[in-house]
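The values are calculated or read from the model by the stated rules, or taken from the named source; none is laboratory data. Bear in mind the structure is a predicted one, so any value in this text is a computation, not a measurement. Note: ideal-geometry Cβ built from the backbone for every residue, glycine included; neighbour counts use all protein chains shown. Please note that ligands, DNA and RNA were not included when accessible areas were found on the heavy atoms of the full protein model with its side chains. Shrake-Rupley method; radii C 1.70, N 1.55, O 1.52, S 1.80 Å.
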Amino acid sequence: LQLGALMTRVDAVVAAHEQYMGTQLERAAVEIRRGRARFTSDYVVEITGVRGANSIVRGETIVIATGSRPRNPAEIPIDHSNILDSDSILSLMYLPASMLVVGAGVIASEYATIFDAIGVKVTMVDSGSRPVSFLDQEITDRFVASFQRNGSSFVGGVKVKSMQWDGVSSVVTELDNGQIIATEKALFALGRMANIE
């Protein structure tokens, strides 16, 4: 029930944001064209519409805003069912008892604290010595202390050597310091990268 309520809330927030952005674009008289675009010169873009028709758009300034996707390492078998990324975590079907979160930036810390707050035992691992390291040390110390009070933990200064779903019930992760961690689910949250290809 907790996970269902969380996902319902996420969907509602995303829908409200999309509606707000649509209203803002309409108010600013922004023309929206849907399709696949390609540059034909520095100032010209050709758009192939969803029905196959082509159109040309010219502009002195062209903003590329194609969204982003999770930054996933090629050597990790992200299957979007047991080993998840910051997109597929939103389609989680049930609340796991334990979760490994790889990363310690804003996205990783947000997900780790959300799952910790709803009763999942979370282990965060990162190559850095502390989470959200751009913040003051005092703030991150309080964050880690609060996180650990609930039974979760942060392991810093380590990298994932290997990760594999055991085919039954656990994601088994080996860290470069030799530590083995078995959790029900794993989340890679190592930031995002722009869809600029």
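Taking the Cα atoms of the range 48-180, the ratio Rg/Rh between the radius of gyration and the Kirkwood radius comes to 1.11.
Geometric descriptor of the range 79-132, per residue, is 76 Å³ (volume of the convex hull of the Cα atoms).
Across the range 166-197, the residues whose backbone nitrogen lies under 15 Å from the label position 7 Å along the beta-carbon direction of residue 39 are 195-197. Diffusion of the range 118-191 by Stokes-Einstein, at 4 °C in a medium of 1.567 mPa s and with Rh set to the Kirkwood radius over alpha-carbon pairs, works out to 97 µm²/s. Couplings for the range 68-81, taken from phi via the Karplus curve 6.51 cos²θ - 1.76 cosθ + 1.60 with θ = phi - 60°, read 9, 9, x, 7, 10, x, 5, 7, 9, x, 5, 9, 6, 10 Hz in order; Gly and Pro are left as x.
For the range 1-129, a simple Cβ point-charge model (Lys and Arg +1, Asp and Glu -1, everything else neutral) yields a dipole of about 380 debye relative to the Cα centre. Measuring between their Cα centroids, the range 123-197 and the range 1-63 lie 33 Å from each other. The order of the peptides 23-32, 69-78 by mean Cβ neighbours within 10 Å, most packed first, is 69-78, 23-32. Of 196, 62, 118, 139, the order by accessible heavy-atom surface (1.4 Å probe, DNA, RNA and ligands excluded), from most exposed downward, is 196, 139, 62, 118. Of all beta bridges that DSSP places with both ends in the range 56-197, some 45 percent have antiparallel geometry. Dividing the mean sequence gap of close Cα pairs (under 8 Å, 6+ apart) by how many residues the range 5-126 holds gives a relative contact order of 12 percent. Here is what passes the span test in the chain: the DSSP H helices with alpha carbon length of 24 Å or more along the helix axis and a Kyte-Doolittle mean of -1.0 or above are 2-27.
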